[in-house]
Amino acid sequence: MNSEQLCTLVVDALDDIKAKDITTLDVRDMTTVTDYMIVASGTSNRHVQALAENVAEKALAGSGIVGSPL
């Protein structure tokens with residue numbers, strides 16, 4: 001999976017469970033650490049935890065690796 005596909009997967013996973021203010025920043029020209037930064041917010045601590053878990057589960061499923069995300 002390339003960085004564009006992973007970025008799309010993360011945004012979709014956040015949107016699936018109603019993340020607020022999803023913003024994607026292309027930082028390829030600014031750093032070699034990462035290609036994209038994705039920022040989103042939730043409505044409560046529980047919602048933010050659910051967002052993180054959903055992103056981890058979807059990324060793990062998309063990678064083809066079997067295991068527990070968190």
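The values are calculated or read from the model by the stated rules, or taken from the named source; none is laboratory data. Keep in mind it's a predicted model, so treat the numbers as computed, not measured. Quick reminder, even Gly has a Cβ in these numbers, built from the backbone with ideal geometry, and neighbours come from all protein chains shown. In case anyone asks, the SASA skips ligands and DNA or RNA and just uses the protein heavy atoms, side chains included. Shrake-Rupley method; radii C 1.70, N 1.55, O 1.52, S 1.80 Å.
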Just checking, how many residues over segment 9-38 are out of contact with any helix residue (DSSP H, G or I) (no Cβ under 6 Å at 6 or more places or on another chain) and part of a loop (DSSP other than H, G, I, E, B)?
9
Give segment 6-24 a look and list any residue that's under 20 Å from SER44 (Cβ atoms), surrounded by 15 or more Cβ atoms within 10 Å (Cβ to Cβ) and out of contact with any strand residue (DSSP E or B) (no Cβ under 9 Å at 6 or more places or on another chain), or say none.
ALA13
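Does ALA40 count as surrounded by 13 or more Cβ atoms within 10 Å (Cβ to Cβ) and at pLDDT below 95? Break it down stepwise before answering.
Details: surrounded by 13 or more Cβ atoms within 10 Å (Cβ to Cβ): yes; at pLDDT below 95: no.
It is false that ALA40 is surrounded by 13 or more Cβ atoms within 10 Å (Cβ to Cβ) and at pLDDT below 95.
Residue under question is GLY62, and the condition is that it be in contact (Cβ under 8 Å) with a residue 60 or more places away in the chain, open to solvent by less than 60 Å² (accessible area, probe 1.4 Å) and not acidic (Asp, Glu); does it hold? I'd like the intermediate steps shown before the answer.
Numbers: in contact (Cβ under 8 Å) with a residue 60 or more places away in the chain: yes; open to solvent by less than 60 Å² (accessible area, probe 1.4 Å): yes; not acidic (Asp, Glu): yes.
For GLY62, the condition - in contact (Cβ under 8 Å) with a residue 60 or more places away in the chain, open to solvent by less than 60 Å² (accessible area, probe 1.4 Å) and not acidic (Asp, Glu) - is met.
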